[in-house]
Amino acid sequence: MKEALVSTLVLLWVAQIEAIEPSQCIAPLGMESGAIRNEDITASSSFDHGNVGPHHGRVRNELNGGAWCPQTQATPETKEWIEINLHTVHMITATETQGRFGNGQGVEFAESYMLEYWRPRLNKWIRYRGRVNGELINGNINTYLESKTQLDPPIWASKIRFFPYSSHKRTVCLRVEIYGCKWADGIVSYSMPQGDKRGANWEFYDTTYDGHWDGEKLKYGLGQLTDGDVAPDDFKLAFHQENVQGWVGWKNDTREHKPIEITFEFDKVREFSSVNIYANNQFTKEVAVFSEAKVFFSVGGKRYKGEPITFDYIEDRIFESPRNISIKLHHRVGRFVKLQLFFAARWTLVSEISFDSIPVNGNVTEEEEDAEEPPLQKDQIATPGIENKNIVSAVNQPTGLGQYLGIIVGILSVLVVLMVAVVLYVVIQQRRYKSSPRPSQVPNGCDKAALYREPSLGRLPSSSDYADVRDPEYAVPLQQPQTPRAPPPLQNFFPKPPPVPPPPERYYAATEICNTGFIPPPPPLSTPPPVRLGRQPRYISNTRTYVGP
(Lines give C-alpha, C1' and ligand atoms only; values in the text may rest on other atoms or scores of the structure.)
Protein backbone atom coordinates (compact mmCIF):
# COMPACT_ATOMS: atom_id res chain seq x y z
CA MET A 1 0.00 0.00 0.00
CA LYS A 2 2.82 2.37 0.88
CA GLU A 3 4.64 1.62 -2.38
CA ALA A 4 1.48 2.34 -4.40
CA LEU A 5 0.99 5.63 -2.54
CA VAL A 6 4.61 6.66 -3.16
CA SER A 7 4.30 5.79 -6.86
CA THR A 8 1.14 7.87 -7.12
CA LEU A 9 2.81 10.86 -5.47
CA VAL A 10 5.83 10.56 -7.76
CA LEU A 11 3.61 10.47 -10.85
CA LEU A 12 1.68 13.51 -9.65
CA TRP A 13 4.93 15.35 -8.94
CA VAL A 14 6.30 14.51 -12.41
CA ALA A 15 3.06 15.65 -14.04
CA GLN A 16 3.27 18.95 -12.18
CA ILE A 17 6.88 19.75 -13.07
CA GLU A 18 6.44 19.07 -16.78
CA ALA A 19 4.87 22.51 -17.22
CA ILE A 20 6.93 25.55 -16.21
CA GLU A 21 5.89 27.12 -12.93
CA PRO A 22 6.69 30.84 -12.49
CA SER A 23 7.57 30.21 -8.85
CA GLN A 24 10.33 27.82 -9.94
CA CYS A 25 11.59 29.97 -12.81
CA ILE A 26 13.60 32.43 -10.70
CA ALA A 27 17.26 31.85 -11.56
CA PRO A 28 19.52 34.80 -12.59
CA LEU A 29 20.28 34.61 -16.29
CA GLY A 30 23.87 35.81 -16.19
CA MET A 31 24.44 39.55 -15.99
CA GLU A 32 26.17 39.37 -12.64
CA SER A 33 27.94 36.06 -13.21
CA GLY A 34 29.12 36.87 -16.73
CA ALA A 35 27.17 34.06 -18.41
CA ILE A 36 25.76 36.76 -20.69
CA ARG A 37 28.72 37.88 -22.80
CA ASN A 38 29.74 41.50 -23.32
CA GLU A 39 28.90 41.37 -27.03
CA ASP A 40 25.32 40.40 -26.13
CA ILE A 41 24.89 43.66 -24.18
CA THR A 42 24.29 46.76 -26.29
CA ALA A 43 22.92 50.24 -25.74
CA SER A 44 21.48 53.17 -27.64
CA SER A 45 24.45 55.33 -26.56
CA SER A 46 27.13 55.67 -23.86
CA PHE A 47 28.68 58.70 -22.23
CA ASP A 48 32.08 56.97 -22.38
CA HIS A 49 32.12 53.51 -23.88
CA GLY A 50 35.38 52.47 -22.20
CA ASN A 51 34.36 53.49 -18.67
CA VAL A 52 30.56 53.47 -18.61
CA GLY A 53 29.70 51.37 -21.67
CA PRO A 54 26.83 48.83 -21.72
CA HIS A 55 29.14 45.92 -20.80
CA HIS A 56 29.63 47.62 -17.41
CA GLY A 57 25.89 47.56 -16.66
CA ARG A 58 26.05 44.43 -14.46
CA VAL A 59 24.63 44.42 -10.92
CA ARG A 60 27.12 44.14 -8.06
CA ASN A 61 30.07 44.80 -10.39
CA GLU A 62 32.43 47.77 -9.97
CA LEU A 63 34.49 47.65 -13.17
CA ASN A 64 35.87 51.00 -14.37
CA GLY A 65 33.05 53.52 -14.05
CA GLY A 66 30.83 50.93 -12.40
CA ALA A 67 27.64 51.16 -14.53
CA TRP A 68 26.14 52.05 -17.87
CA CYS A 69 25.50 55.73 -18.34
CA PRO A 70 23.66 57.00 -21.46
CA GLN A 71 24.87 60.03 -23.33
CA THR A 72 21.71 62.04 -22.76
CA GLN A 73 19.72 62.66 -19.62
CA ALA A 74 16.54 60.78 -18.73
CA THR A 75 13.20 62.46 -19.44
CA PRO A 76 9.53 61.42 -19.50
CA GLU A 77 10.11 60.62 -23.17
CA THR A 78 12.15 57.45 -22.91
CA LYS A 79 14.80 57.28 -25.64
CA GLU A 80 17.91 55.70 -24.14
CA TRP A 81 18.03 51.97 -23.51
CA ILE A 82 20.33 49.07 -22.64
CA GLU A 83 19.59 45.77 -24.39
CA ILE A 84 20.29 42.14 -23.43
CA ASN A 85 20.22 39.47 -26.13
CA LEU A 86 19.40 35.96 -24.87
CA HIS A 87 19.29 34.44 -28.40
CA THR A 88 16.48 32.02 -27.46
CA VAL A 89 13.05 32.58 -25.93
CA HIS A 90 13.13 32.73 -22.14
CA MET A 91 10.44 33.21 -19.55
CA ILE A 92 11.49 36.30 -17.58
CA THR A 93 9.83 36.54 -14.19
CA ALA A 94 11.77 39.33 -12.44
CA THR A 95 14.13 42.25 -13.07
CA GLU A 96 16.69 43.95 -10.83
CA THR A 97 18.36 47.38 -11.11
CA GLN A 98 21.13 49.27 -9.34
CA GLY A 99 22.67 52.75 -9.65
CA ARG A 100 26.33 53.70 -10.17
CA PHE A 101 28.24 53.48 -6.91
CA GLY A 102 31.68 53.99 -8.47
CA ASN A 103 33.58 53.23 -5.23
CA GLY A 104 31.62 55.94 -3.45
CA GLN A 105 31.99 58.59 -6.17
CA GLY A 106 28.85 57.80 -8.18
CA VAL A 107 25.60 59.67 -7.57
CA GLU A 108 23.52 58.55 -10.57
CA PHE A 109 20.57 56.13 -10.42
CA ALA A 110 17.16 55.68 -12.09
CA GLU A 111 14.03 56.14 -10.00
CA SER A 112 11.85 54.35 -12.57
CA TYR A 113 12.22 52.48 -15.81
CA MET A 114 10.19 50.75 -18.52
CA LEU A 115 10.67 47.49 -20.36
CA GLU A 116 10.36 46.44 -23.96
CA TYR A 117 10.84 42.92 -25.27
CA TRP A 118 11.18 41.19 -28.62
CA ARG A 119 10.11 37.69 -29.62
CA PRO A 120 10.65 36.09 -33.05
CA ARG A 121 6.94 35.31 -33.58
CA LEU A 122 5.97 38.90 -32.83
CA ASN A 123 8.79 40.29 -34.97
CA LYS A 124 8.50 43.66 -33.24
CA TRP A 125 9.23 45.36 -29.92
CA ILE A 126 6.40 45.26 -27.37
CA ARG A 127 6.09 47.63 -24.42
CA TYR A 128 5.59 45.62 -21.24
CA ARG A 129 2.51 46.36 -19.16
CA GLY A 130 2.06 44.90 -15.68
CA ARG A 131 -1.21 43.70 -14.28
CA VAL A 132 -1.26 46.32 -11.51
CA ASN A 133 1.22 49.17 -12.16
CA GLY A 134 0.98 49.32 -15.89
CA GLU A 135 4.09 50.24 -17.90
CA LEU A 136 6.11 52.04 -15.22
CA ILE A 137 8.30 49.95 -12.88
CA ASN A 138 9.81 51.28 -9.67
CA GLY A 139 13.61 51.68 -9.71
CA ASN A 140 16.22 52.69 -7.13
CA ILE A 141 16.36 55.20 -4.32
CA ASN A 142 20.19 55.37 -4.07
CA THR A 143 23.34 54.23 -5.86
CA TYR A 144 24.14 51.04 -3.93
CA LEU A 145 20.89 49.24 -2.96
CA GLU A 146 19.37 46.84 -5.46
CA SER A 147 15.71 46.97 -6.43
CA LYS A 148 14.11 43.69 -7.56
CA THR A 149 10.63 43.55 -9.11
CA GLN A 150 8.51 40.49 -9.84
CA LEU A 151 6.91 40.65 -13.26
CA ASP A 152 3.21 39.87 -13.36
CA PRO A 153 2.53 38.66 -15.97
CA PRO A 154 5.91 37.22 -16.95
CA ILE A 155 7.62 38.07 -20.23
CA TRP A 156 8.39 35.61 -23.04
CA ALA A 157 11.25 37.14 -24.95
CA SER A 158 14.62 36.55 -26.58
CA LYS A 159 15.65 40.22 -26.20
CA ILE A 160 14.80 42.75 -23.51
CA ARG A 161 15.47 46.48 -23.12
CA PHE A 162 15.58 48.75 -20.04
CA PHE A 163 14.48 52.37 -20.56
CA PRO A 164 15.47 54.75 -17.70
CA TYR A 165 12.58 57.07 -16.85
CA SER A 166 12.40 60.32 -14.94
CA SER A 167 9.57 62.75 -14.46
CA HIS A 168 12.13 65.55 -14.84
CA LYS A 169 15.41 65.79 -16.70
CA ARG A 170 18.29 64.19 -14.80
CA THR A 171 21.47 62.18 -15.34
CA VAL A 172 21.04 58.46 -14.75
CA CYS A 173 23.25 55.36 -14.70
CA LEU A 174 22.07 51.77 -14.53
CA ARG A 175 23.15 48.24 -13.65
CA VAL A 176 20.68 45.43 -14.37
CA GLU A 177 19.96 41.72 -13.93
CA ILE A 178 17.12 39.53 -15.23
CA TYR A 179 15.65 36.37 -13.68
CA GLY A 180 13.80 33.48 -15.27
CA CYS A 181 14.46 30.29 -17.24
CA LYS A 182 14.49 28.97 -20.74
CA TRP A 183 11.04 28.53 -22.25
CA ALA A 184 10.92 24.75 -22.69
CA ASP A 185 7.20 24.39 -23.44
CA GLY A 186 7.87 25.51 -26.99
CA ILE A 187 4.63 27.48 -27.40
CA VAL A 188 5.28 30.38 -29.77
CA SER A 189 1.75 31.80 -29.81
CA TYR A 190 -1.91 30.93 -29.56
CA SER A 191 -4.88 32.34 -31.43
CA MET A 192 -8.50 32.36 -30.26
CA PRO A 193 -11.61 34.52 -29.98
CA GLN A 194 -11.38 37.19 -27.33
CA GLY A 195 -13.41 36.52 -24.20
CA ASP A 196 -16.88 37.88 -23.62
CA LYS A 197 -18.27 40.31 -21.12
CA ARG A 198 -20.80 39.19 -18.50
CA GLY A 199 -23.12 41.97 -17.50
CA ALA A 200 -21.60 45.24 -16.38
CA ASN A 201 -19.24 43.82 -13.75
CA TRP A 202 -17.23 40.97 -15.20
CA GLU A 203 -15.08 40.92 -18.30
CA PHE A 204 -13.64 37.55 -19.11
CA TYR A 205 -10.91 38.97 -21.35
CA ASP A 206 -7.35 37.81 -21.85
CA THR A 207 -5.98 41.10 -20.52
CA THR A 208 -2.29 40.15 -20.67
CA TYR A 209 -2.30 38.97 -24.28
CA ASP A 210 0.62 40.60 -26.12
CA GLY A 211 -0.32 39.75 -29.71
CA HIS A 212 -2.66 41.35 -32.21
CA TRP A 213 -6.36 41.88 -31.56
CA ASP A 214 -8.43 42.65 -34.64
CA GLY A 215 -11.56 43.36 -32.62
CA GLU A 216 -12.74 39.79 -32.53
CA LYS A 217 -9.83 37.37 -32.57
CA LEU A 218 -6.46 37.31 -30.82
CA LYS A 219 -3.46 36.34 -32.99
CA TYR A 220 0.30 35.73 -32.77
CA GLY A 221 0.74 36.34 -29.04
CA LEU A 222 0.85 34.82 -25.56
CA GLY A 223 -1.19 35.66 -22.49
CA GLN A 224 -3.06 34.32 -19.50
CA LEU A 225 -3.53 30.80 -20.82
CA THR A 226 0.22 30.09 -20.72
CA ASP A 227 1.57 32.18 -17.80
CA GLY A 228 1.42 29.30 -15.29
CA ASP A 229 -0.87 31.05 -12.78
CA VAL A 230 -4.30 29.57 -12.10
CA ALA A 231 -7.37 31.64 -11.31
CA PRO A 232 -9.26 31.43 -7.97
CA ASP A 233 -12.10 28.98 -7.46
CA ASP A 234 -14.74 31.73 -7.52
CA PHE A 235 -14.45 33.80 -10.67
CA LYS A 236 -15.84 36.85 -8.82
CA LEU A 237 -12.72 37.15 -6.68
CA ALA A 238 -10.59 38.12 -9.66
CA PHE A 239 -12.51 41.39 -9.91
CA HIS A 240 -12.58 42.24 -6.21
CA GLN A 241 -8.91 41.56 -5.39
CA GLU A 242 -5.79 43.08 -6.90
CA ASN A 243 -2.98 41.05 -8.43
CA VAL A 244 -5.20 38.00 -8.94
CA GLN A 245 -5.21 35.95 -12.12
CA GLY A 246 -8.58 36.02 -13.88
CA TRP A 247 -10.53 33.65 -16.05
CA VAL A 248 -10.97 33.76 -19.80
CA GLY A 249 -14.58 32.94 -20.71
CA TRP A 250 -16.92 32.63 -23.65
CA LYS A 251 -20.70 32.78 -23.83
CA ASN A 252 -22.61 30.15 -25.75
CA ASP A 253 -25.31 32.59 -26.88
CA THR A 254 -22.89 34.75 -28.88
CA ARG A 255 -21.19 31.75 -30.55
CA GLU A 256 -24.35 30.28 -32.10
CA HIS A 257 -23.69 27.00 -30.30
CA LYS A 258 -20.38 26.57 -32.12
CA PRO A 259 -17.31 25.30 -30.25
CA ILE A 260 -14.49 27.55 -29.11
CA GLU A 261 -11.36 27.07 -31.26
CA ILE A 262 -7.93 27.73 -29.78
CA THR A 263 -4.91 27.16 -32.06
CA PHE A 264 -1.43 26.76 -30.59
CA GLU A 265 1.75 27.23 -32.60
CA PHE A 266 5.02 25.65 -31.42
CA ASP A 267 8.65 26.42 -32.17
CA LYS A 268 9.24 23.09 -33.93
CA VAL A 269 7.51 19.81 -34.68
CA ARG A 270 6.76 18.03 -31.42
CA GLU A 271 5.44 14.73 -30.17
CA PHE A 272 2.57 15.27 -27.74
CA SER A 273 1.60 13.01 -24.89
CA SER A 274 -1.12 15.07 -23.16
CA VAL A 275 -2.81 18.45 -22.84
CA ASN A 276 -3.95 19.90 -19.51
CA ILE A 277 -6.88 22.32 -19.31
CA TYR A 278 -7.77 24.12 -16.07
CA ALA A 279 -11.52 24.84 -16.24
CA ASN A 280 -14.23 26.23 -13.98
CA ASN A 281 -17.34 24.26 -12.93
CA GLN A 282 -19.58 26.68 -11.01
CA PHE A 283 -22.72 25.18 -12.51
CA THR A 284 -24.98 27.13 -10.14
CA LYS A 285 -23.77 30.28 -11.91
CA GLU A 286 -24.30 28.89 -15.42
CA VAL A 287 -20.64 27.88 -15.73
CA ALA A 288 -19.58 24.30 -16.47
CA VAL A 289 -16.71 22.31 -17.85
CA PHE A 290 -16.90 21.73 -21.59
CA SER A 291 -18.90 18.67 -22.60
CA GLU A 292 -16.55 17.55 -25.36
CA ALA A 293 -13.09 18.41 -26.62
CA LYS A 294 -11.51 17.64 -29.98
CA VAL A 295 -7.79 17.95 -30.67
CA PHE A 296 -6.44 18.35 -34.22
CA PHE A 297 -2.80 18.26 -35.37
CA SER A 298 -0.98 19.81 -38.31
CA VAL A 299 2.61 20.27 -39.44
CA GLY A 300 2.18 23.24 -41.75
CA GLY A 301 -0.80 24.85 -40.03
CA LYS A 302 -2.95 25.06 -43.17
CA ARG A 303 -4.50 21.61 -43.24
CA TYR A 304 -5.36 19.42 -40.26
CA LYS A 305 -5.29 15.85 -41.55
CA GLY A 306 -6.29 12.69 -39.80
CA GLU A 307 -8.93 11.84 -37.28
CA PRO A 308 -8.99 14.17 -34.25
CA ILE A 309 -8.67 12.94 -30.71
CA THR A 310 -12.09 13.20 -29.09
CA PHE A 311 -12.60 13.51 -25.34
CA ASP A 312 -16.02 13.34 -23.66
CA TYR A 313 -16.27 14.83 -20.19
CA ILE A 314 -18.76 13.39 -17.71
CA GLU A 315 -20.93 16.18 -16.34
CA ASP A 316 -20.38 16.95 -12.65
CA ARG A 317 -23.36 18.45 -10.83
CA ILE A 318 -22.03 17.86 -7.33
CA PHE A 319 -18.73 19.73 -6.88
CA GLU A 320 -18.25 23.28 -8.11
CA SER A 321 -14.51 23.49 -7.59
CA PRO A 322 -12.36 24.05 -10.71
CA ARG A 323 -10.33 21.12 -11.92
CA ASN A 324 -7.43 20.23 -14.18
CA ILE A 325 -8.57 18.02 -17.07
CA SER A 326 -5.85 15.96 -18.72
CA ILE A 327 -6.41 14.55 -22.23
CA LYS A 328 -4.05 11.89 -23.55
CA LEU A 329 -2.75 12.71 -27.03
CA HIS A 330 -1.16 9.31 -27.76
CA HIS A 331 2.14 10.69 -29.09
CA ARG A 332 0.60 12.52 -32.01
CA VAL A 333 2.97 14.75 -33.99
CA GLY A 334 2.61 18.30 -35.26
CA ARG A 335 3.68 21.92 -34.98
CA PHE A 336 0.14 23.28 -34.75
CA VAL A 337 -2.51 22.00 -32.35
CA LYS A 338 -6.13 23.10 -32.54
CA LEU A 339 -8.53 22.63 -29.63
CA GLN A 340 -12.31 22.64 -30.01
CA LEU A 341 -14.20 23.03 -26.75
CA PHE A 342 -17.97 22.36 -26.86
CA PHE A 343 -20.30 24.07 -24.43
CA ALA A 344 -22.00 22.15 -21.65
CA ALA A 345 -23.65 25.25 -20.10
CA ARG A 346 -24.13 28.88 -20.96
CA TRP A 347 -20.52 29.79 -20.06
CA THR A 348 -17.13 28.08 -20.41
CA LEU A 349 -14.24 29.49 -18.35
CA VAL A 350 -10.60 28.47 -18.80
CA SER A 351 -7.56 29.66 -16.85
CA GLU A 352 -4.55 27.60 -18.06
CA ILE A 353 -3.68 25.30 -20.97
CA SER A 354 -0.38 23.43 -21.04
CA PHE A 355 1.09 20.60 -23.12
CA ASP A 356 3.40 17.73 -22.30
CA SER A 357 5.58 17.31 -25.39
CA ILE A 358 9.10 16.71 -26.66
CA PRO A 359 10.77 17.93 -29.88
CA VAL A 360 10.97 15.53 -32.82
CA ASN A 361 14.42 15.03 -34.35
CA GLY A 362 14.26 14.70 -38.10
CA ASN A 363 12.65 16.15 -41.20
CA VAL A 364 8.88 16.34 -41.37
CA THR A 365 6.83 16.82 -44.53
CA GLU A 366 4.02 19.34 -44.48
CA GLU A 367 0.53 18.34 -45.52
CA GLU A 368 -0.49 18.89 -49.12
CA GLU A 369 -3.33 21.29 -49.76
CA ASP A 370 -5.20 19.19 -52.31
CA ALA A 371 -4.48 15.80 -50.81
CA GLU A 372 -7.47 14.03 -49.32
CA GLU A 373 -6.99 11.23 -46.88
CA PRO A 374 -9.17 8.14 -47.50
CA PRO A 375 -11.54 7.29 -44.66
CA LEU A 376 -10.77 4.44 -42.35
CA GLN A 377 -12.44 1.09 -43.01
CA LYS A 378 -14.32 -0.79 -40.35
CA ASP A 379 -11.50 -3.27 -39.80
CA GLN A 380 -8.81 -0.59 -39.62
CA ILE A 381 -7.52 1.16 -36.54
CA ALA A 382 -6.29 4.72 -36.64
CA THR A 383 -2.66 4.77 -35.53
CA PRO A 384 -1.90 8.01 -33.67
CA GLY A 385 0.55 10.26 -35.43
CA ILE A 386 0.84 8.22 -38.63
CA GLU A 387 -1.09 10.61 -40.83
CA ASN A 388 1.16 13.53 -39.90
CA LYS A 389 4.33 11.73 -38.99
CA ASN A 390 6.04 11.57 -42.37
CA ILE A 391 9.51 11.53 -40.86
CA VAL A 392 12.10 10.63 -43.45
CA SER A 393 15.01 10.18 -41.10
CA ALA A 394 15.42 8.14 -37.98
CA VAL A 395 15.79 9.56 -34.51
CA ASN A 396 19.13 11.26 -34.04
CA GLN A 397 19.93 10.79 -37.74
CA PRO A 398 19.73 14.24 -39.35
CA THR A 399 21.56 12.92 -42.45
CA GLY A 400 18.24 11.69 -43.94
CA LEU A 401 19.11 8.02 -44.36
CA GLY A 402 15.43 7.15 -44.35
CA GLN A 403 14.95 9.01 -47.63
CA TYR A 404 16.59 6.06 -49.44
CA LEU A 405 14.57 3.40 -47.64
CA GLY A 406 12.38 2.78 -50.69
CA ILE A 407 15.38 2.39 -52.99
CA ILE A 408 17.05 -0.04 -50.57
CA VAL A 409 13.88 -2.14 -50.30
CA GLY A 410 13.57 -2.23 -54.10
CA ILE A 411 17.16 -3.40 -54.56
CA LEU A 412 16.74 -6.10 -51.92
CA SER A 413 13.55 -7.30 -53.61
CA VAL A 414 15.33 -7.61 -56.97
CA LEU A 415 18.16 -9.57 -55.34
CA VAL A 416 15.69 -11.95 -53.73
CA VAL A 417 13.98 -12.56 -57.10
CA LEU A 418 17.34 -13.24 -58.76
CA MET A 419 18.33 -15.69 -56.02
CA VAL A 420 15.03 -17.58 -56.43
CA ALA A 421 15.58 -17.75 -60.21
CA VAL A 422 19.11 -19.15 -59.75
CA VAL A 423 17.88 -21.78 -57.31
CA LEU A 424 15.11 -22.88 -59.70
CA TYR A 425 17.59 -23.10 -62.56
CA VAL A 426 19.95 -25.30 -60.52
CA VAL A 427 17.09 -27.60 -59.47
CA ILE A 428 15.90 -28.03 -63.07
CA GLN A 429 19.42 -28.83 -64.25
CA GLN A 430 19.83 -31.38 -61.49
CA ARG A 431 16.59 -33.08 -62.46
CA ARG A 432 17.62 -33.21 -66.14
CA TYR A 433 20.98 -34.69 -65.20
CA LYS A 434 19.36 -37.37 -63.09
CA SER A 435 16.91 -38.34 -65.88
CA SER A 436 19.65 -38.64 -68.59
CA PRO A 437 21.31 -42.13 -69.11
CA ARG A 438 24.69 -42.71 -67.51
CA PRO A 439 27.30 -45.35 -68.37
CA SER A 440 26.31 -47.35 -65.36
CA GLN A 441 22.77 -47.59 -66.77
CA VAL A 442 23.85 -49.27 -70.07
CA PRO A 443 22.56 -52.91 -70.17
CA ASN A 444 25.00 -55.71 -69.51
CA GLY A 445 26.60 -57.21 -72.56
CA CYS A 446 26.44 -53.88 -74.47
CA ASP A 447 29.23 -51.49 -75.05
CA LYS A 448 29.35 -48.02 -76.49
CA ALA A 449 30.21 -49.42 -79.92
CA ALA A 450 26.94 -51.35 -79.93
CA LEU A 451 24.95 -48.11 -79.66
CA TYR A 452 26.11 -47.01 -83.10
CA ARG A 453 25.41 -48.62 -86.49
CA GLU A 454 28.11 -48.65 -89.11
CA PRO A 455 27.06 -48.36 -92.72
CA SER A 456 27.59 -51.40 -94.92
CA LEU A 457 30.57 -51.34 -97.19
CA GLY A 458 29.93 -50.97 -100.81
CA ARG A 459 26.59 -49.08 -100.48
CA LEU A 460 25.42 -45.62 -99.63
CA PRO A 461 23.88 -45.05 -96.23
CA SER A 462 20.11 -44.87 -96.30
CA SER A 463 17.87 -42.58 -94.40
CA SER A 464 17.06 -45.36 -91.97
CA ASP A 465 20.67 -45.45 -90.80
CA TYR A 466 20.74 -41.80 -89.71
CA ALA A 467 18.22 -39.50 -88.13
CA ASP A 468 17.67 -35.81 -88.83
CA VAL A 469 20.49 -35.37 -91.35
CA ARG A 470 20.77 -31.69 -92.07
CA ASP A 471 24.28 -31.66 -93.55
CA PRO A 472 25.07 -34.29 -96.23
CA GLU A 473 28.72 -34.23 -95.24
CA TYR A 474 28.01 -34.94 -91.60
CA ALA A 475 25.87 -37.74 -90.27
CA VAL A 476 24.82 -38.47 -86.72
CA PRO A 477 24.64 -42.18 -85.94
CA LEU A 478 21.25 -43.42 -84.90
CA GLN A 479 21.16 -44.32 -81.26
CA GLN A 480 19.53 -47.57 -80.41
CA PRO A 481 16.44 -47.26 -78.32
CA GLN A 482 16.93 -48.13 -74.74
CA THR A 483 14.96 -51.04 -73.46
CA PRO A 484 13.70 -50.88 -69.92
CA ARG A 485 15.95 -52.75 -67.62
CA ALA A 486 14.43 -55.77 -65.97
CA PRO A 487 14.37 -55.77 -62.21
CA PRO A 488 17.28 -57.63 -60.67
CA PRO A 489 16.62 -61.31 -59.78
CA LEU A 490 15.88 -62.19 -56.25
CA GLN A 491 19.20 -64.02 -55.94
CA ASN A 492 21.05 -60.72 -56.19
CA PHE A 493 19.72 -59.70 -52.81
CA PHE A 494 21.46 -62.63 -51.07
CA PRO A 495 25.23 -63.02 -50.72
CA LYS A 496 26.85 -65.36 -53.31
CA PRO A 497 28.70 -68.44 -52.07
CA PRO A 498 32.46 -68.47 -52.43
CA PRO A 499 33.67 -69.92 -55.76
CA VAL A 500 34.78 -73.58 -55.83
CA PRO A 501 38.45 -73.89 -56.80
CA PRO A 502 39.13 -76.11 -59.87
CA PRO A 503 40.70 -79.54 -59.26
CA PRO A 504 44.45 -79.68 -59.55
CA GLU A 505 45.81 -80.79 -62.93
CA ARG A 506 47.43 -84.17 -63.05
CA TYR A 507 50.06 -85.36 -65.47
CA TYR A 508 50.55 -89.06 -66.43
CA ALA A 509 52.35 -90.94 -69.13
CA ALA A 510 51.02 -93.62 -71.39
CA THR A 511 54.31 -95.54 -71.18
CA GLU A 512 57.08 -95.68 -68.66
CA ILE A 513 59.08 -92.53 -68.66
CA CYS A 514 62.71 -93.02 -69.04
CA ASN A 515 64.99 -91.77 -66.36
CA THR A 516 66.73 -89.15 -68.40
CA GLY A 517 66.31 -86.62 -65.64
CA PHE A 518 65.10 -83.87 -68.02
CA ILE A 519 61.52 -82.91 -68.51
CA PRO A 520 61.27 -79.88 -70.76
CA PRO A 521 58.56 -77.34 -69.98
CA PRO A 522 55.68 -77.18 -72.38
CA PRO A 523 56.36 -74.73 -75.18
CA PRO A 524 54.18 -71.71 -75.56
CA LEU A 525 51.17 -72.14 -77.79
CA SER A 526 52.27 -69.41 -80.15
CA THR A 527 55.64 -71.02 -81.00
CA PRO A 528 56.22 -74.39 -82.74
CA PRO A 529 57.65 -77.26 -80.71
CA PRO A 530 61.42 -77.55 -80.66
CA VAL A 531 63.06 -79.95 -83.17
CA ARG A 532 65.33 -82.55 -81.73
CA LEU A 533 67.45 -85.17 -83.43
CA GLY A 534 66.58 -88.77 -83.12
CA ARG A 535 63.21 -89.86 -81.94
CA GLN A 536 60.84 -87.01 -81.51
CA PRO A 537 58.62 -86.81 -78.40
CA ARG A 538 54.94 -86.78 -78.97
CA TYR A 539 52.47 -84.60 -77.11
CA ILE A 540 48.94 -85.59 -76.57
CA SER A 541 46.61 -82.58 -76.44
CA ASN A 542 44.79 -81.75 -73.22
CA THR A 543 46.72 -84.43 -71.33
CA ARG A 544 50.21 -83.08 -71.67
CA THR A 545 51.60 -86.68 -71.98
CA TYR A 546 55.18 -86.96 -72.85
CA VAL A 547 56.35 -89.99 -74.81
CA GLY A 548 60.05 -90.54 -74.64
CA PRO A 549 62.22 -92.20 -77.20
Item to check | Sole residue being under 25 Å from Gln24 (Cα atoms), modelled with pLDDT of 90 or more and open to solvent by less than 10 Å² (accessible area, probe 1.4 Å), chosen from Gly249, Gly221 | outcome: Gly221
Checklist outcome for this item: If we keep only residues of the range 321-350 that are touching a residue at least 60 places away in the same chain (Cβ under 8 Å) and over 28 Å from Gly186 (Cα atoms), then the residue least open to solvent (accessible area, probe 1.4 Å) is Trp347
Next on the checklist: For a quick check of your reading of the model, give me the residue pairs whose first member lies in the range 124-144 and is without any contact (Cβ under 8 Å) to a residue 12 or more places away in the chain, whose second is open to solvent by 80 Å² or more (accessible area, probe 1.4 Å), with beta-carbon atoms closer than 6 Å and at least 6 apart or on different chains.
Outcome noted: none
Item to check | Top-ranked residue of the range 41-90 - restricted to ones that are of a type in the set (Asp, Glu) and in contact with a helix residue (DSSP H, G or I) (Cβ under 9 Å, 6 or more places away or on another chain), ranked as modelled with the highest pLDDT | outcome: Glu83
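State which residue is nearest to the chain's Cα centre (by Cα) when the search covers only the range 157-214 and only residues that are of a type in the set (D, E, K, R) and not in a strand (DSSP E or B).
In the first step, residues of the range 157-214 are kept if they are of a type in the set (D, E, K, R); the result is 159, 161, 169-170, 175, 177, 182, 185, 196-198, 203, 206, 210, 214.
Pick out the ones that are also not in a strand (DSSP E or B) and you get 169, 185, 196, 206, 210, 214.
Details: Lys169: 59, Asp185: 19, Asp196: 42, Asp206: 37, Asp210: 34, Asp214: 39 Å.
That would be Asp185.
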Checklist entry - Checking Thr88 against (1) in contact (Cβ under 8 Å) with a residue 60 or more places away in the chain; (2) touching a strand residue (DSSP E or B) at 6+ places or on another chain (Cβ under 7 Å); (3) β-branched (Val, Ile, Thr); (4) surrounded by 15 or more Cβ atoms within 10 Å (Cβ to Cβ), which test does it fail? => result (4)
Item to check | Breaking point among (1) touching a strand residue (DSSP E or B) at 6+ places or on another chain (Cβ under 8 Å); (2) in contact (Cβ under 8 Å) with a residue 60 or more places away in the chain; (3) farther than 20 Å from Pro153 by Cβ; (4) surrounded by fewer than 23 Cβ atoms within 10 Å (Cβ to Cβ), for Pro120 | outcome: (3)
Checklist entry - Can we say Arg131 is open to solvent by 10 Å² or more (accessible area, probe 1.4 Å), within 27 Å of Asp227 (Cα to Cα) and not in a strand (DSSP E or B)? => result yes
Item to check | Among residues of the range 134-149, those that are assigned to a strand (DSSP E or B) and either loosely packed, with under 14 Cβ neighbours inside 10 Å or among the β-branched types (Val, Ile, Thr) (or both), counted | outcome: 4
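The values are calculated or read from the model by the stated rules, or taken from the named source; none is laboratory data. Please read all numbers here as calculations on a predicted model, not as lab measurements. In this analysis, Cβ positions are derived from the backbone assuming ideal geometry, glycine residues included, and neighbour counts consider all displayed protein chains. We work out accessible area using only protein heavy atoms, side chains counted, and drop any ligands, DNA or RNA first. Shrake-Rupley method; radii C 1.70, N 1.55, O 1.52, S 1.80 Å.
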